1. Pairs only if they're at least six apart or on different chains, beta carbon under 7 angstrom, first in segment A:57-72 and hydroxyl-bearing (Ser, Thr, Tyr), second crowded, with 18+ Cβ neighbours inside 10 Å; list them, first residue then second.
2. With respect to B:PHE30, determine if the residue is over 17 Å from A:PRO104 (Cα atoms), of a type in the set (Phe, Trp, Tyr) and out of contact with any His (no Cβ under 6 Å at 6 or more places or on another chain).
3. Somewhere in segment A:54-74, is a residue buried (at least 18 other Cβ atoms within 10 Å of the Cβ), closer than 19 Å to B:PRO104 by Cβ and in contact with a strand residue (DSSP E or B) (Cβ under 8 Å, 6 or more places away or on another chain)?
4. So which residues in segment A:1-36 are under 20 Å from A:ALA77 (Cα atoms), touching a Leu at 6+ places or on another chain (Cβ under 8 Å) and part of a loop (DSSP other than H, G, I, E, B), if there are any at all?
5. Which condition from (1) modelled with pLDDT of 95 or more; (2) closer than 22 Å to B:VAL53 by Cβ; (3) out of contact with any Gly (no Cβ under 7 Å at 6 or more places or on another chain); (4) within 9 Å of another protein chain (Cβ to nearest Cβ) is the one that A:ASP25 breaks?
6. Please specify each residue of segment B:41-74 satisfying the condition of being in a loop (DSSP other than H, G, I, E, B) and within 27 Å of A:THR74 (Cα to Cα).
7. Would you point out which residue out of A:ALA82, A:ALA77 is part of a strand (DSSP E or B) and facing chain B (nearest Cβ under 10 Å)?
8. Take B:ALA12 and decide whether it is more than 14 Å from the chain's Cα centre (by Cα), aliphatic (A, V, I, L, M), exposed (fewer than 14 other Cβ atoms within 10 Å of the Cβ) and modelled with pLDDT of 95 or more.
Number of protein chains: 2
Amino acid sequence: MELFKNALAAAAFSPEKMKKVNLFDTERMFCDVYGLKAGQEQTAHAHAGSDKVYFVLDGIGRFRIGDEERDAGTGEAVLAPAGAPHAVRNNGPGQLTLLVFMAPKPS
Amino acid sequence: MELFKNALAAAAFSPEKMKKVNLFDTERMFCDVYGLKAGQEQTAHAHAGSDKVYFVLDGIGRFRIGDEERDAGTGEAVLAPAGAPHAVRNNGPGQLTLLVFMAPKPS
């Protein structure tokens, strides 16, 4: 596996839905880049035993973690703790690019 | 724990050595921000069962992962797989700010 990756350059976008690109993948964790065009979202879901961290590489996302809902923009990090329902939506008008870490890797 | 954090704003720097600030800490992983002034470094070390991902928030770092050594700048992500000796140095002249994920959390 290539150990050095440019996260923003790896981002991809699809007109149909949020696009995931994997940067790193091990037995213990993964690190992805998500690209969301305006109006796209990752709907609410939860991972029983895994924590997820979002880092906003570019743009503004509307995050919902459990009962908390707020915007986070470039440079902000958001924790979705194990078991907490979480969702993110790009209300536009620009694109949204996220760096995403999850551990342990869901089976 | 606060679920939303501004990573760059959380960074701190010390004249003595690299400064670590924790953003998120769970049973499974942690997410820190490292601040390195010019000339500071994290010397080579390894974690037998944990993967680390560095993301360069600002600046340029000289990374060594196993036998590979190269610079990574703002927007680049670097994987230090479990067991691989890894080190990072800020050769200056600017500051270096890193977002760091490690999973699972070393005991």
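The values are calculated or read from the model by the stated rules, or taken from the named source; none is laboratory data. Predicted model, so just to flag it, every value in this text is computed and none were measured. Neighbour counts run over all protein chains shown; Cβ positions are idealised from the backbone, glycine included.
1. none
2. No, not satisfied.
3. So far as segment A:54-74 goes, no, none of its residues is buried (at least 18 other Cβ atoms within 10 Å of the Cβ), closer than 19 Å to B:PRO104 by Cβ and in contact with a strand residue (DSSP E or B) (Cβ under 8 Å, 6 or more places away or on another chain).
4. Across segment A:1-36, the qualifying residues are A:ALA11, A:MET18.
5. The one condition A:ASP25 does not meet is (4).
6. B:GLY59, B:THR74
7. Every option except A:ALA77 fails the conditions.
8. For B:ALA12, the condition - more than 14 Å from the chain's Cα centre (by Cα), aliphatic (A, V, I, L, M), exposed (fewer than 14 other Cβ atoms within 10 Å of the Cβ) and modelled with pLDDT of 95 or more - is not met.
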